[in-house]
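Structure, as structure tokens:
The values are calculated or read from the model by the stated rules, or taken from the named source; none is laboratory data. Small disclaimer: the values here were computed from a predicted structure and weren't measured. Counting neighbours? That spans all protein chains shown, and the Cβs are built from the backbone with ideal geometry, glycine included.
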Amino acid sequence: MSALPMRFLPDRILRQQAKKIGKIPPNLKKYTDDMIETMHAEQGVGLAANQVGSLQKVAVIQLPEWEEALVLINPEIIRREGEREVEEGCLSIPGYRGMVKRSEKVRARALDLNGKVIRIKAEGLLAQALEHETDHLNGILYIDRLVSRDKLWKVTYTPEGEAEYHQADESISEEASSDESSGSRPTEAINERD
Ligand code: ZN
């Protein structure tokens, strides 16, 4: 296994929609192993393919207490219940945290590497991770789901390791989209607008 190079905002691949995987290619196992390796190296609980430069619709999730990562092919949230506000960050937006709106509970459906259907009922951190990673595959970032624009902070650490929150600079909030459909806009259109 080898860690893959990460993509960071404002890399436009993060705004592109991943393509649904039809027949599962034989090399996908190796690729998702590399994604898992990357997620571990970056100390994340999840990683979507766009974050490592691929537009295959696949993500990996591993909660801190899990021994193994979950590979999710073509994941979809099929039901959302309730609403809550949670603090969130993203490996592709290093140094920032924000307060976002997420569901209390979700139901998700995906395929595993053998092409078998996986159904997941989740709440808490897993529900948050499922929403975060399926969003990535649709070109949506957590900064699009902020409770309000000023609920985004730049985080630095004191020599004692204590987190300090500062108001985020304009440039990063400019990257946020209030329009959910922006994720599916073709890159050309985004470039033109920019
Ligand atoms: Zn992320």
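For first residues located in segment 108-128 and at negative phi, partners that are part of a helix (DSSP H, G or I) and lie 6+ apart or on another chain with Cβ distances below 6 Å form the pairs A108/L130; L113/K29; A122/L130.
The criterion of at least 2 residues that are closer than 16 Å to L137 by Cα and touching a residue at least 12 places away in the same chain (Cβ under 8 Å) is met, among strands (runs of 3 or more DSSP E) falling completely within segment 1-102, by 46-48, 58-61, 70-81. Filtered by the rule that a residue be farther than 21 Å from Q17 by Cβ, away from the ligand (no atom under 16 Å from the Cβ) and either of a type in the set (D, E) or crowded, with 22+ Cβ neighbours inside 10 Å (or both), segment 91-141 gives E104, D112, E123. Please work out if G53 is buried (at least 16 other Cβ atoms within 10 Å of the Cβ) and within 30 Å of E174 (Cβ to Cβ). In short, no. In this structure, is G53 out of contact with any strand residue (DSSP E or B) (no Cβ under 9 Å at 6 or more places or on another chain) and within 16 Å of the ligand (Cβ to nearest atom)? So G53 passes the test.
Each row is one residue, and each column tells you yes or no for (1) away from the ligand (no atom under 14 Å from the Cβ); (2) among the hydrophobic types (A, V, I, L, M, F, W, C); (3) at pLDDT 95 or above; (4) surrounded by 15 or more Cβ atoms within 10 Å (Cβ to Cβ).
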site: M1; (1), (2), (3), (4): yes, yes, no, no
site: K19; (1), (2), (3), (4): yes, no, yes, no
site: L28; (1), (2), (3), (4): yes, yes, yes, yes
site: T32; (1), (2), (3), (4): yes, no, yes, yes
site: I36; (1), (2), (3), (4): yes, yes, yes, yes
site: E81; (1), (2), (3), (4): yes, no, yes, no
site: G89; (1), (2), (3), (4): no, no, yes, yes
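Quick one: in segment 56-75, which of the residues that are over 13 Å from the mean Cα position of the chain (by Cα) and over 29 Å from A163 (Cβ atoms) is surrounded by the fewest Cβ atoms within 10 Å (Cβ to Cβ)? Here the residue is E68.
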